[in-house]
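K.L.:
The structure that follows is given in the form of structure tokens.
The values are calculated or read from the model by the stated rules, or taken from the named source; none is laboratory data. Just so it is clear, the structure is predicted and the values come from calculations on it, not from any experiment. With ideal geometry, Cβ positions are generated from the backbone for all residues, glycine too; neighbour counts draw on all protein chains shown. Ligands, DNA and RNA are excluded from the accessible area calculation, which covers all protein heavy atoms including side chains. Shrake-Rupley method; radii C 1.70, N 1.55, O 1.52, S 1.80 Å.
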Amino acid sequence: MAGYRYPLLGGLLIIIIISVGVVHCSPSCLPGDRALGRCTDPALEKGTCTDNVLGYCDDLPYKKTMFPNLLDHRSRGDIEFSAEYILLSVLDNLLQGECNPDLRIVGCSVLAPKCEKNKMVKPCRTVCEALKKSCLPAFDAIDMAWPYFLDCDRFFVGEEEGCHDPLEKLRVNVEVTPEDLTQAPSTFINFNHHSYNQMVSILKKTAAKCSNIAKTYSIGRSFEGKELLVIEFSGNPGQHELLEPEFRYIGNMHGNEVVGRELLIYLAQYLCSEYLLGNPRIQEMINTTRIHLLPSMNPDGYELASEEGAGYNGWTNGRMTAQNIDLNRNFPDLTSEFHKIFKVRSARVDHMPIPESFWWGKIAPETKAVMKWMRNIPFVLSGSLHGGDLVVSYPFDFSKHPLEEKMYSPTPDDKVFKMLSKTYAASHPKMSDQSTERCGGNFLSKGSIINGAEWYSFSGGMPDYSYLHTNCFELTLELGCDKFPTEDELYPAWQDNKESLLSLIEMVHRGIKGVVKDEHGNPIKNARISVKGIRHDITTAEDGDYWRLLIPGVYVVSAEAFGYSKVSKKITLPASMTKSGRVDFVLNRVEGKTRKFERLIPEDIYERYDPLDSYDPHVQQGQRERGEDDQQSQDREKPWWWSYFSMLGHNKPSWLLKNN
């Protein structure tokens with residue numbers, strides 16, 4: 001008999017009895033508790049051995065099982081219509097083959113436990129613990145909780161209790177030679193093209209594998225609703241640490257330029273594996289730098305470009321977003337304003353505000369998401385990965401004379417940009433190759449680097465905006481003449497670019513860094529750091545820390561903030577210096593009327609009204625109002641794998657949701 005209790009008014013209680021056969025249940029152990037494994041029942045240890053006829057569990061190392069099982073399923077039908085059994089049947093697809101068949105077999109040993117002499121024999125706890133240690137990252141990668149019925153403490157026992165090893169048939173003794181022991185492990189990467197889902201899966205699995213140094217996060221959605229997924233690496237992922245510089249790579253801005261997209265997927269796997277293997281260079285890099293990789297800024301365009309197939313893609317199909325917007329022409333044009341006011345001595349030509357007219361135009365959600373990302377994180381250096389030629393381009397991209405399409409238009413930090421560009425090109429075997437027959441041979445005379453506007457002028461580019469609105473210096477990396485190469489060209493591309501990608505990250509540590517505080521030791525946010533002779537200031541971050549990229553030389557560096565004194569220091573950066581020098585400042589409070597603040601605006605420019613402040617980059621375009629939500633819309637908010645359990649109706653396995 002099964003009893004279900006329903007409370008009634010007045011404290012009365014009615015018990016509805018449903019005749020379904022005999023159920024052994026103690027008063028302190030309700031059927032629902034036993035189904036969730038919250039308690040055990042002596043009756044589970046009693047019964048009769050019967051043949052195991054479960055299709056997905058027919059390769060267990062034994063033939064006899066018994067009912068009820070450890071989850072209180074009382075028949076074959078109960079098991080086959082359960083969420084637990086359905087999960088085991090789809091795990092291979094969900095985890096893309098990882099932990100298969102081990103995970104399925106161990107799960108089957110709980111659903112169809114071993115029976116000997118009419119007595120249940122539980123699986124060994126050590127087997128469960130080893131499996132969880134190796135397979136939990138795969139679950140984390142798809143945002144799925146570890147299944148409750150694989151709780152090693154609830155449903156598994158120690159060897160002293162007479163457990164069995166459900167994986168015994170999978171154990172194979174392999175002879176290890178001395179040569180095997182002397183070979184150092186290496187990073188394994190599949191050098192192929194990745195669909196959007198494959199890219200997301202790899203990034204999340206990589207972050208799960210290296211959870212102590214990596215994590216994934218979304219900066220927003222594309223027009224068609226795809227997450228703009230970033231993977232970051234640092235000693236403390238998810239947190240900005242004092243004086244640790246922030247670096248970013250952005251790939252696939254143009255959907256049909258895919259080499260950068262793939263290189264960043266490979267780079268993520270490489271950083272993770274090499275860190276775990278003890279590579280001292282990679283460990284130093286990750287422990288001292290916060291690295292952000294956005295492999296695909298335009299996932300919608302990529303899907304369109306990939307329909308034609310690698311090697312067949314033209315120069316336009318998939319370049320734009322789903323809204324037919326070129327993302328590298330969609331950012332605020334601050335460069336034309338810079339050229340207009342640069343000769344005015346008091347004009348502020350850094351951290352320039354976004355013109356109100358910009359918001360009147362058609363702005364892609366991908367553009368807004370990246371703009372907000374730039375504002376939220378104090379990036380120092382960035383590389384935007386493109387395709388179509390072989391050269392490193394640096395700002396400005398928009399000519400200082402609007403009618404001149406090929407006019408050298410330097411920034412105040414032209415020498416720094418050249419140093420950064422040469423670093424990438426010099427480490428690239430093809431860019432440094434002097435053969436005029438190679439792709440991009442027309443840039444040989446310039447050392448495979450070029451000022452963007454001298455190459456060809458355009459407005460609304462991301463590098464110009466990054467330089468003029470934020471602290472971040474950004475390069476455009478053109479990685480080859482073939483925008484969508486065949487898979488056999490991807491490994492050579494990785495070999496050509498790997499050292500350059502790493503070297504540019506390391507350049508984030510050139511120049512100086514420090515902290516600006518008041519006389520009481522409190523950090524000063526948005527203090528301005530200026531270098532005499534370079535008309536481009538940078539500002540301090542939330543904690544008062546800053547990073548100023550500079551080439552070797554002698555400089556006078558100043559720090560100032562509204563309401564504080566100005567402090568200047570003379571510094572020398574030797575040519576042999578490869579790490580940033582530490583230059584701190586302490587500013588004393590002063591009356592605002594006592595001195596003149598040149599090019600200094602008393603309020604924080606980011607506190608002005610700006611549509612970007614209230615923009616939510618994670619809301620999908622055209623998303624319905626909350627009041628229109630129904631069960632289907634609620635399911636859409638669940639992880640992508642939730643649809644695998646649609647046939648269960650209201651009995652879907654909420655225990656697989658991490659937020660539960």
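K.L.:
How much accessible surface does R329 have with a 1.4 Å probe, in Å² rounded to 10?
P.N.:
Only protein atoms counted, so the area is about 80 Å².
K.L.:
Ok, one more. Kindly identify segment 242-289 as rounded, prolate or oblate by the Cα gyration tensor criterion: order the square roots of the eigenvalues as a ≥ b ≥ c, call it rounded if a/c is under 1.5, otherwise compare a/b with b/c, prolate if a/b is larger, else oblate.
P.N.:
oblate
K.L.:
Ordering R548, R319 from largest to smallest accessible area (1.4 angstrom probe), what's the sequence?
P.N.:
Correct descending sequence by accessible area is R319, R548.
K.L.:
Under a cut-off of 19 Å between alpha-carbon atoms, report the lysines in cross-link reach of K119, not counting same-chain residues fewer than 8 places apart.
P.N.:
Partners found: K46, K63, K64.
K.L.:
Which whole-number percentage describes the relative contact order of segment 273-420, with Cα contacts under 8 Å and a sequence gap of 6 or more?
P.N.:
Values: 73 pairs, mean separation 21.6, N = 148.
The normalised contact order for segment 273-420 reaches 15 percent.
K.L.:
I've got another one for you. According to a simple spin-label model (label point 7 Å from Cα along Cα-to-Cβ), what is the distance in nm between D616 and N100?
P.N.:
Taking the two extended label points, one gets 3.7 nm.
K.L.:
Measuring from a point 7 Å past the Cα of L403 along Cα-to-C-beta, which residues in segment 320-352 have an amide N at less than 17 Å?
P.N.:
The answer is 340, whose backbone nitrogens lie closer than 17 Å to the label point.
K.L.:
So how do K340, K517, K652 rank on accessible area, 1.4 Å probe, biggest first, that is with the largest at the start?
P.N.:
K340, K517, K652
K.L.:
Starting at the first residue of segment 235-240, write each ³J(HN,Hα) from the Karplus equation 6.51 cos²θ - 1.76 cosθ + 1.60 with θ = phi - 60°, in whole Hz, x for Gly and Pro.
P.N.:
x, 9, x, x, 10, 7
K.L.:
Tell me, how many Å apart are the Cα centres for segment 439-470 and for segment 194-225?
P.N.:
So the separation of the two Cα centres works out to 30 Å.
K.L.:
Let me ask something else about it. For K209, list the aspartates and glutamates whose Cα falls under 20 Å from its own Cα; do not include residues on the same chain fewer than 8 positions away.
P.N.:
Leaving aside aspartates and glutamates fewer than 8 places away in the same chain, those within reach of K209 are D92, E98, D102, E129, D140, D143, E232, E262, E274, E284.
K.L.:
What are the lysines whose alpha-carbon lies under 28 Å from the alpha-carbon of K525, with same-chain residues fewer than 8 places away excluded?
P.N.:
K215, K368, K372, K415, K513, K517, K566, K569, K570, K579, K593, K596
K.L.:
If DNA, RNA and ligands are ignored and the probe is 1.4 Å, what is the ranking of I534, I286 by accessible area, most exposed first? Please report the intermediate quantities before stating the final value.
P.N.:
Numbers: I534 30, I286 0 Å².
Heavy-atom accessible area, descending, gives I534, I286.
K.L.:
Strictly over 22 Å apart at the Cα level, which of K205/K638; K226/K498; K204/K422; K114/K169 would you flag in this model?
P.N.:
Numbers: K205/K638 19 Å; K226/K498 28 Å; K204/K422 33 Å; K114/K169 14 Å.
Flagged as over cut-off: K226/K498; K204/K422.
K.L.:
In debye, nearest 20: dipole of segment 211-284 around its Cα centre with unit charges on the Cβ of K, R (+) and D, E (-)?
P.N.:
160 debye
K.L.:
Round to a whole number: what % of the accessible area of segment 73-124 belongs to carbon and sulfur, probe 1.4 Å?
P.N.:
That share works out to 42 percent.
K.L.:
May I pose another question? Can you tell me, using C-alpha contacts under 8 Å and at least 6 residues apart, the relative contact order of segment 225-322 as a whole percent?
P.N.:
Details: 157 pairs, mean separation 42.1, N = 98.
Computed over segment 225-322, the figure is 43 percent.
K.L.:
Count the net charge of all other residues whose Cβ sits under 9 Å from the Cβ of N236, scoring Lys and Arg as +1 and Asp and Glu as -1.
P.N.:
-1
K.L.:
Considering Cα pairs under 8 angstrom that are at least six residues apart, work out the relative contact order of segment 312-377 and quote it in whole percent. Kindly include the intermediate steps, with their values, before the conclusion.
P.N.:
Values: 23 pairs, mean separation 22.8, N = 66.
Dividing the mean separation by the residue count of segment 312-377 yields 35 percent.
K.L.:
Counting only heavy atoms of protein chains, what accessible area per residue, in Å², does segment 273-350 have with a probe of 1.4 Å?
P.N.:
On a per-residue basis, segment 273-350 sits at 44 Å².
K.L.:
Continuing with the same structure: Run through the DSSP bridge list for segment 374-502 and note the antiparallel percent, rounded to the nearest 5.
P.N.:
If we restrict to bridges inside segment 374-502, about 35 percent are antiparallel.
K.L.:
Under the classification rounded if a/c is under 1.5, otherwise prolate if a/b is larger than b/c and oblate if not, where does segment 420-549 fall, given a ≥ b ≥ c as square roots of the Cα gyration tensor eigenvalues?
P.N.:
On the way: a/c = 2.66, a/b = 2.15, b/c = 1.24.
Prolate is the answer for segment 420-549, as a/c is 1.5 or above and a/b outweighs b/c.
K.L.:
For segment 509-568, which chymotrypsin sites (Phe, Trp or Tyr not before Pro) pass both filters: DSSP loop (anything but H, G, I, E, B) and at most 16 other C-beta atoms within 10 Å?
P.N.:
Working: sites: Y546, W547, Y555, F562, Y564; in loops: F562.
Here the sparse-neighbourhood loop sites are F562.
K.L.:
Taking amide H positions as placed 1.01 Å from N in the peptide plane, with prolines and chain starts having none, which residues 5 or more places from G251, or on another chain, fall under 5 Å of its amide H?
P.N.:
L294, S296, M297, L385
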